[in-house]
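I have placed the structure first, in the form of structure tokens, so that the comments after it can refer back to it.
The values are calculated or read from the model by the stated rules, or taken from the named source; none is laboratory data. Computed from a predicted structure; not experimentally measured. A quick note on method: Cβ atoms are made from the backbone with ideal geometry, for glycine too, and the neighbour counts reach across all protein chains shown. To get the accessible areas, we keep the full protein, side chains included, count just its heavy atoms, and leave off ligands, DNA and RNA. Shrake-Rupley method; radii C 1.70, N 1.55, O 1.52, S 1.80 Å.
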Amino acid sequence: MLPFLIRRLSGAVVIMFLIGAFTFFLFYSIPQDFAELACGKNCSPQNIAVIRENLGLDQPIAAQFRDFMMGIVAGRDFPQGHCPAPCLGVSFASGDMVWDSIIDRFPLTLSLTLGGLVVFLVVGLGAGLIAAWKRGTAVDKALSGASIVLSSFQIYLLGPIVLGLLVYSTGLMENPKYVSPFDSPGGWFLGMLIPWVVMATIFTAQYTRMSRSTMIEQLQEEHVRTARAKGMSRGYVFFRYAWRGSLIPIVTIIGIDLSSLLSGAVVTEFTFDLAGLGRLAVESSVNKDIPLTMGVMMFGAFFILMLNIIVDLAYAFIDPRVRLS
Amino acid sequence: MTSPTQAAGTSTDAAMVPESLTEAAREDTSQEGLSPGRLMWLRFRRDRVGVISACAVFAYFAVAALAPVISWLYGKDPYTLYAQDPNYPGLLNDFAMPAAPFGGVSADFWFGVEPNVGRDVFTMLIYGMRTSLFMALAVTLTTVLTGVVIGMVGGYFGGRVDYWLGRVTDFFLSFPNQLFFIAFMPVVTALFVSPKDETPAYLRAVVIILVLWFLGWMAMARLVRSSVLGLREREFVEAAKVSGASPWRIVRKEILPNIVTPILVQSTYMLPSNILTIAFLSFVGVGFVEPTPDWGRMFATAADIYEQDPAFMFFPGVALFVFVLAFNLLGDSVRDAFDPKTGR
């Protein structure tokens, strides 16, 4: 397990470095005076020169890149103050530390992503299991049909409809908002419930279909048939033998879907007017606030890489063959 | 060329390969002269859901292509603010909301009018679909071509070339792509036009295509590479090699006809997903902006004003829902028709 972790983590470091280098050189090669942008309107040339020097923009691009990378590892000093170790620089537009802005917004996006993941895994896999259990019956047809219909919805289409039904016209629930789960677990749950369900809907359908088809495949495997033949109950074989095998391809797909999960969170933030990482990305990108944009992207890439490693670790728990190799 | 692969797809160039003529003739008698492509077509035609979906998708493309003609017949355009037009008095009420019921639906404005500005929703929608569909076609075409070329080169030549192409593919796959679309859009735009100037709509279109193309070809490249890898060792490729065919000829006449099916199936999944990605960009505000009519931008407006005027969401929403549904069903039917073994 440990060698695997070390190998994966060092691979992640290399990828993060490459992504950083690629985006840095692309972003800093755009023909725009960043100091002018950071200074705002009605800025005197002297001020621009001071800012340029403070931000290190007067140096060659390779040196700037070195400073940026060193900042992430060791921290940097800016006129605004010291920027501790994972330093992603200072926002041109606001002058805040990029890391602080990201950490401020991240809990919301994390809640959305993980909450949505839990909802669609529980509902999607559950529905798939039921459909496979009741294969060929009306239940199966209804679930499969519903999954195709629901997967054709979009978050920005379903979101307002749900809001209209539950919030605007009936007042059954409040407008979605984010409260820290540490302050009020109940408020956090109720505030995020609509976004979770809406976001999960479009993923649920896909997982229902997949869970159903892999279950049906597994039920035709020889070891499953043998277990049934020697007299084990249908339910025991279904869950202990077939379900476990059916999880392996599903975990693979989860790994592939992680980045669309993050983008799903971005759309959900916009649909429900929540201020998370996605909104920060769009705001910074439209303002051409390059350090903030780079910071959000690198953070997003890091987040996805870490989730991927966790998903790979999950293989070892599901599939004993992986543990041996 | 009748190949022994199960993935045998269309009958492209079938009779043009001399060495397989005799084999094709033998196959003809046993299969009553049906080429794999013909068989696929027969299977597809029996699938009623598939045929209906195909008609629906075709209708969307027809409407998109004919948008200027339709709006000319209809007599309106997606840019004019009809609320200021003296010919249509009382279009919006005192709150700048459509006066007529259901979002301002009337004989003049079939799908209603946009709140606040009073533009015609019907023409906005058909022009918006035109933008989305044409953009998505361009993106799909460029990504498929790039993916096929890169996958083909890697799979056919193997060795060091394959290794490095594989690493580059992996690298771009590790980008959380939608986040990067958001970040790249303004930056790439700034490469072409000074940020102080207004960005013209055609340039936005070019940048969207560029960004989506840049981070969109990897899945196709992987698919093509793995298919080519399997085919490279087959006897008919070896035979062509021994008889002195050039790599270009082998790729074109022996390998390509055999991987047309997976490429086509993958493309039918890519097209709707590209439409949704373009809509996503416009929805969050980095894609198309006012006044370019665009599907995604309509949803951004609709979500903003949903509490006051839910009807504005209705027509674009239903249109998108039906389109995605039809495309999903069509994709499944095409896959089933090509490969009848995947029972659902």
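Assuming R0 = 25 Å, can you tell me the calculated FRET efficiency for the pair residue A:122 and residue A:169, based on Cβ-Cβ distance, to the nearest 0.05?
Given R0 = 25 Å and the Cβ-Cβ separation, E is 0.30.
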I need to check one value: relative contact order of segment A:107-288, counting alpha carbon pairs closer than 8 Å and at least 6 residues apart, in percent. 32 percent
State the percent of C-alpha pairs, over all pairs in segment B:128-216, separated by a distance greater than 21 angstrom. 44 percent
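Equivalent-ellipsoid semi-axes (√(5λ), Cα gyration tensor) for chain A, whole Å, largest first?
With the √(5λ) rule applied to chain A, the semi-axes are 46, 26, 15 Å.
So, with a 1.4 angstrom probe, what is the percent of accessible area on segment A:107-288 that is carbon and sulfur?
For segment A:107-288, the apolar C and S fraction of the accessible surface comes to 66 percent.
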Positive end of the dipole of segment B:208-344, charges at C-beta (+1 Lys, Arg; -1 Asp, Glu), about the Cα centre: which of B:260, B:289, B:306 has its Cα farthest in that direction? B:260
Projecting each Cα onto the charge dipole of chain A (Lys/Arg +1, Asp/Glu -1 at the beta carbon, about the Cα centre), which of A:112, A:172, A:1 comes out farthest on the positive side? A:1
Where in chain A are the helices, taken as whole DSSP H runs, whose Cα atoms extend 30 angstrom or more along the long axis and whose Kyte-Doolittle mean reaches at least 1.0? A:2-27, A:98-133, A:244-271, A:290-318
So the number of lysine pairs in the protein assembly as shown with alpha-carbon atoms under 18 angstrom apart, 8 or more residues apart or on different chains, is 4
Using amide H atoms built in the peptide plane, which far-off residues or other-chain residues are under 5 Å from residue B:92 H to H? B:99
Residue-averaged beta-carbon neighbours from other chains (10 angstrom radius) around A:145-157: 5
What number, rounded to the nearest 500 deg cm²/dmol, is the helix-based mean residue ellipticity at 222 nm of chain A, given -39500 (n - 2.57) per DSSP H run of at least four residues and division by all its residues? -24000 deg cm²/dmol
Taking the Cα of residue B:107, stepping 7 Å toward and past its beta carbon, and measuring to each backbone N in segment B:57-83: which are under 19 Å? B:73-76
Computed over chain B: relative contact order in percent, which uses C-alpha pairs under 8 Å that are six or more apart: 25 percent
In square angstrom, rounded to the nearest 10, how much accessible surface does residue A:102 have for a 1.4 Å probe? 0 Å²
About the Cα centre, and with charges only on the beta carbon of Lys, Arg (+1) and Asp, Glu (-1), how big is the dipole of the protein assembly as shown? Nearest 20 debye, please. 2540 debye
Rounded, prolate or oblate: pick one for chain B, where a ≥ b ≥ c are the square roots of the eigenvalues of its C-alpha gyration tensor, a/c under 1.5 means rounded, and failing that, prolate if a/b is larger than b/c, else oblate. prolate
Assigned charges on the beta-carbon of Lys, Arg, Asp, Glu; segment A:107-288 dipole about Cα centre (debye): 840 debye
Size of the dipole of chain B about the Cα centre, Lys and Arg at +1 and Asp and Glu at -1 on the beta carbon, nothing else charged, in debye to 20? 1060 debye
Where in chain B are the DSSP H helices whose alpha-carbon span along the long axis reaches 27 Å or more and whose Kyte-Doolittle mean is at least -1.0? B:121-157, B:256-284, B:311-338
To the nearest 0.05, what FRET efficiency results for residue A:8 and residue A:140 with a Förster distance of 35 Å applied to their C-beta separation? 0.35
What nm value, rounded to one decimal, do you get for the distance between residue A:44 and residue A:253 when each label is placed 7 Å out toward the C-beta? 6.4 nm
Area of residue A:43 that stays accessible when all protein chains are in place (1.4 Å probe, Å², to 10): 40 Å²
If you take the charge dipole of segment A:107-288 about its Cα centre, with +1 on Lys and Arg Cβ and -1 on Asp and Glu Cβ, which of A:266, A:220, A:207 is farthest toward its positive end? A:220
Could you work out the helix-only [θ] at 222 nm for chain B, with each DSSP H run of four or more residues adding -39,500 (n - 2.57) and the total divided by the number of residues, to the nearest 500 deg cm²/dmol? -21500 deg cm²/dmol
Which far-off residues, 5 or more places away or on another chain, put their amide H under 5 Å from the one on residue A:78, with H placed in the peptide plane? A:83
Take residue B:38 and residue A:53, extend 7 Å from each Cα along the Cα→Cβ direction, and tell me the distance between the two endpoints in nm. 8.2 nm
Each label sits 7 Å from Cα toward the beta-carbon; between residue A:25 and residue B:242 the label points are separated, in nm, by 4.7 nm
